[in-house]
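**Q** Pasting in a structure now, in structure tokens, and then I'll have a few things to ask.
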Amino acid sequence: KCALNMKILEETDAGSYIRRLVSYQSEPDSRVPAYLNIPKRALQPGNKARAALCLHPTDNLVGHKVVMGLGGRDGRQYAHELAERGWITLAPAYPLLANYQPDLEALGYASGTMKAIWDNQRGMDLLETFPNVKDEGFAAIGHSLGGHNSIFTAVLDERIKVVVTGCGFDSFLDYKNGDNRGWTSIRYMPLLSSFDLEAIPYDFHELVAALAPRALFVSAPKSDDNFNWQSVRRIVNA
């Protein structure tokens, strides 16, 4: 860990909340861009609000802007919607997408997933420095890439008390009928490619179980062409 040294890059009046594009030092030689949204009523003396990590789906054009409703596909602006509902929201960028291109090898990472988890944990460290954030833990919400990013982060950090994941996972055994190449780029977990499918040392039923007794909401649409809803049901039941 190092000093977070948050910098405000731009600030916008978004109606019911203030939208700030910030960056913070997650570790030496790595600054993370993020949107920090603060409801105006939480800026008033003595007022506090709950806080949520809003983790974005795969988007190599606008990145974390998509959860702000600032581009990309519709229906993914949950950082904006939660801020309108009174939540302080932090939407960090995901490594190696759009405007965030850290040198993972130079930083010592074999996994973009692990870098994202660390950046998210440091984002919660940042939220804890604000006097207007309620001291009762955090929520994590994400769609697709953000859906499993939320689970991975919550498994390793119990400050997250509730997880909302949409279109975010199925079993490694079922993903794309056993073709796990989508998981094995440097952006995710390259070392998975060194295992035979049945020998992968963990799967999502164990990750989901590790969240207990915390709250978990899973959205697994039957029309999702990436993650199989029947596999998700088996995982949740297990």
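**Q** How big is the convex hull of the Cα atoms of region 6-102, per residue, in Å³? The partial results should precede the final answer.
**A** Working: hull volume 9.4 nm³, N = 97.
Value for region 6-102: 97 Å³ per residue.
**Q** Using the Cβ atoms and a cut-off under 11 Å, what net charge is assigned to the surroundings of Arg76, where Lys and Arg are +1 and Asp and Glu are -1? If you can, show how the numbers build up before the last one.
**A** Numbers: positive: Lys65, Arg73; negative: Asp59, Asp74, Glu81.
My count for the surroundings of Arg76 gives -1.
**Q** What do you reckon, how do Arg85, Arg214 stack up by accessible area (1.4 Å probe), largest on top?
**A** Arg85, Arg214
**Q** Can you tell me the orientation of helix 112-128 relative to the chain, as the angle in degrees between its alpha-carbon axis and the longest Cα principal axis, to the nearest 10?
**A** 30
**Q** Right, here's the next one. Taking 0.36 nm per intervening residue step and subtracting the Cα-Cα distance, what contour gain separates Ala215 from Tyr202 on full extension? Working shown, then result.
**A** Working: separation 13, 0.36 × 13 = 4.68 nm, distance 2.13 nm.
Extra length from Ala215 to Tyr202 when fully extended: 2.6 nm.
**Q** Now, a different point. For region 58-131, what number results from the quotient of the Cα radius of gyration and 2.2 N^0.38 Å?
**A** On the way: Rg = 13.6 Å, N = 74, 2.2 N^0.38 = 11.3 Å.
That works out to 1.20 for region 58-131.
**Q** Sticking with this structure for a sec: So what's the net charge close to Tyr175: Lys and Arg +1, Asp and Glu -1, counting the other residues with Cβ under 14 Å from its Cβ?
**A** On the way: positive: Lys176, Arg181, Arg234; negative: Asp170, Asp174, Asp179, Glu198, Asp203, Asp224, Asp225.
So the surrounding residues net to -4.
**Q** Something else: With every atom except the alpha carbons ignored, what do you get for Rg and Dmax of region 50-186, in angstroms?
**A** My reading of the Cα-based Rg and Dmax gives 14.8, 48 Å.
**Q** Once you put a point 7 Å from the Cα of Gln230 and another 7 Å from the Cα of Ser185, both along the Cβ direction, what distance in nm separates them?
**A** 2.9
**Q** Give me the distance between the Cα centres of region 159-238 and region 20-54, rounded to whole Å.
**A** 28
**Q** In a GNM of the chain with a 10 Å cut-off on Cα contacts, which of Ser194, Ser150, Ser219 has the highest mean-square fluctuation?
**A** With Cα springs under 10 Å in the chain, the top fluctuation among Ser194, Ser150, Ser219 is at Ser194.
**Q** Two decimals is fine: what is log10 I(q)/I(0) at q = 0.18 Å⁻¹ for the chain, from a Debye sum with one equal scatterer on every Cα and no solvent?
**A** -1.44
**Q** How far is helix 145-156 tilted, in degrees, relative to the longest principal axis of the Cα atoms in the chain, given as a value from 0 to 90 rounded to the nearest 10?
**A** The angle comes out near 90 degrees.
**Q** While we're looking at this one, here's another question. Which Rg and Dmax, in Å, describe the Cα atoms of region 154-238?
**A** Gyration radius and largest Cα-Cα distance of region 154-238: 13.1, 35 Å.
**Q** Mean-square fluctuation check for the chain, GNM, Cα pairs under 10 Å: which of Leu53, Leu145, Leu173 is largest?
**A** Answer for the Gaussian network model of the chain: Leu173.
The values are calculated or read from the model by the stated rules, or taken from the named source; none is laboratory data. Note that the structure is a prediction, hence the values are computed from the model and not measured. Counting neighbours? That spans all protein chains shown, and the Cβs are built from the backbone with ideal geometry, glycine included. For accessibility, only protein heavy atoms count, side chains too; no ligands or nucleic acids. Shrake-Rupley method; radii C 1.70, N 1.55, O 1.52, S 1.80 Å.
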